[in-house]
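Have a look at the structure below, then the notes.
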Ligand SMILES: [Zn+2]
């Protein structure tokens, strides 16, 4: 997870609502795919020299380039959490095995 690249001179603040970044003309990066876009929800197409309109989703302090990206990100997080739960179960089983071995070995 990259750190916030938008802190700049306001880094001393706990966080700045994404909307402020946009209104202030900051560059933003999608929290999911990393696509960068410019202020006011537009991105510049370097090839055609036109603005690309983006369907930005602002969710607290993070921004997604579209609702699809937000859903995709949340799905990834859910998957990661599920794997962690699985790991905890396995770690618990392994520990139980060790305890059992020690007990019978004594
Ligand atoms: Zn995105």
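The values are calculated or read from the model by the stated rules, or taken from the named source; none is laboratory data. What you see is a predicted model, and the numbers here were worked out from it, not measured in a lab. Every residue, glycine among them, receives a Cβ derived from its backbone with ideal geometry; neighbour counts consider all protein chains shown.
Within segment 74-94, residues that are part of a helix (DSSP H, G or I) have Cβ atoms under 8 Å from residues that are modelled with pLDDT of 90 or more in these pairs: 76/32, counting only partners at least 6 apart in sequence or on another chain.
Every residue in segment 18-71 that is assigned to a loop (DSSP other than H, G, I, E, B), modelled with pLDDT under 70 and within 13 Å of the ligand (Cβ to nearest atom), please. 54 - this is the single residue of segment 18-71 that is assigned to a loop (DSSP other than H, G, I, E, B), modelled with pLDDT under 70 and within 13 Å of the ligand (Cβ to nearest atom).
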